[in-house]
Amino acid sequence: MISVIVPIYNAESYLAACLDSITRQSEREIEIVLVDDGSTDNSLAIAQDYASRDQRIRIYSIPHSGQSAARNKGLAESKGGYIAFVDADDRLASDWCEKMLEAIGGASYVQSEGGWNPYRRTVVWGRLYKAETIAGIRFAEGMIYEDVLFSVELWLRGGKGKIIDYHGYHYTANPDSTTSQRHPEAEQKILHALRQKAKEAPWMKKWIVWYTMIRLKIFFIKQWKSYS
């Protein structure tokens, strides 16, 4: 079974389309774990309406603590042998779960997007993970770009990924999302965390962290130019 984890915070404009895309998957053996992160709009009511009509949906509510905390709650409550993270403003093609399940094979995860930029190599959306390979890994709370540390931790464990040329995850360029705005302090915070991770990593694997840091810096530079 695939556990699809959806962190939700004030996503009323997008949530119905997101949940429609998940509940209509051709792969029926899924559970849908919704975590409401203290929304102040109608997001929770929308989620409850869908849950009343689909028994595969379970809803958990937490005080507003950020996307990392919501994803961590979802991980703690998930029961599937495979894990997928879907942001509440994004959508899946109707065969996304089926295609990803077919493709994962012996890899730790399979990733389905094209047109990579340096940051998107570390995002967790658009991926299907084997639950056993990410067991015990959690998102750093109180931090933006938390996907990066999650991915690095998996790679340091020896997790191997596979990228397939399949555009089934439809990312929404939401102008209100956290990463659509520049956060200089958060950029420095994640880079500092990576430098610390590099110090702790085994000598033969330090390159993984430094390579990730370089690519992330390239992403930030491109973002700076877009804001200037």
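The values are calculated or read from the model by the stated rules, or taken from the named source; none is laboratory data. Just so it is clear, the structure is predicted and the values come from calculations on it, not from any experiment. Cβ: placed from backbone, ideal geometry, glycine included. Neighbour counts: every protein chain shown.
Report yes if Gly115 is at pLDDT below 95 and within 19 Å of Tyr166 (Cα to Cα), otherwise no. Spell out the reasoning first.
On the way: at pLDDT below 95: yes; within 19 Å of Tyr166 (Cα to Cα): yes.
So Gly115 passes the test.
Can you report the number of residues in the range 144-175 which are of a type outside the set (Ser, Thr, Tyr), within 19 Å of Pro7 (Cβ to Cβ) and surrounded by fewer than 17 Cβ atoms within 10 Å (Cβ to Cβ)?
Qualifying residue count, the range 144-175: 4.
Which one is farthest from Ser13 (Cα to Cα) among residues in the range 47-88 that are part of a strand (DSSP E or B) and among the β-branched types (Val, Ile, Thr)?
We begin by selecting, within the range 47-88, every residue part of a strand (DSSP E or B); these are 57-62, 82-85.
If we keep only those that are among the β-branched types (Val, Ile, Thr) as well, we get 57, 59, 62, 83.
Working: Ile57: 20, Ile59: 19, Ile62: 21, Ile83: 25 Å.
Of everything passing the filter in the range 47-88, Ile83 is farthest from Ser13 (Cα to Cα).
Take the residues of the range 137-163 that are free of Cβ contacts under 8 Å to residues at least 60 places away in the same chain and assigned to a loop (DSSP other than H, G, I, E, B): which is nearest to Ile104 (Cα to Cα)? Full working, then the answer.
Our first condition is that a residue be free of Cβ contacts under 8 Å to residues at least 60 places away in the same chain; within the range 137-163, this holds for 137, 144, 147, 149-150, 153-163.
Imposing the further condition that a residue be assigned to a loop (DSSP other than H, G, I, E, B) reduces the set to 137, 144, 157-160.
Details: Ile137: 19, Ile144: 28, Arg157: 18, Gly158: 16, Gly159: 12, Lys160: 10 Å.
Here the residue is Lys160.
Go through the range 55-70 and count every residue that is exposed (fewer than 13 other Cβ atoms within 10 Å of the Cβ) and either under 16 Å from Glu31 (Cβ atoms) or at pLDDT below 95 (or both).
Just the residues of the range 55-70 that are exposed (fewer than 13 other Cβ atoms within 10 Å of the Cβ), to begin with: 55, 63.
Keeping just the survivors that are either under 16 Å from Glu31 (Cβ atoms) or at pLDDT below 95 (or both) gives 55.
Matching residues across the range 55-70 total 1.
Between a residue in the range 10-37 that is at positive phi and any residue that is at pLDDT 95 or above and among the charged types (D, E, K, R), which pairs come within a Cβ distance under 9 Å, given they are 6 or more apart or on different chains?
Asn10/Asp37; Asn10/Asp41
Check Ser52, Ser43, Ser65 and return the single one that is free of Cβ contacts under 8 Å to residues at least 24 places away in the same chain and more than 26 Å from His167 (Cβ to Cβ).
Values: Ser43 fails: free of Cβ contacts under 8 Å to residues at least 24 places away in the same chain; Ser65 fails: free of Cβ contacts under 8 Å to residues at least 24 places away in the same chain.
Result of the check over Ser52, Ser43, Ser65: Ser52.
Which residues, taken from the range 1-45, are assigned to a helix (DSSP H, G or I) and closer than 17 Å to His64 by Cβ? Walk me through how you get there before you give the answer.
Keep residues of the range 1-45 that are assigned to a helix (DSSP H, G or I), which gives 15-23, 43-45.
Correct list: Leu15, Ser43, Leu44, Ala45.
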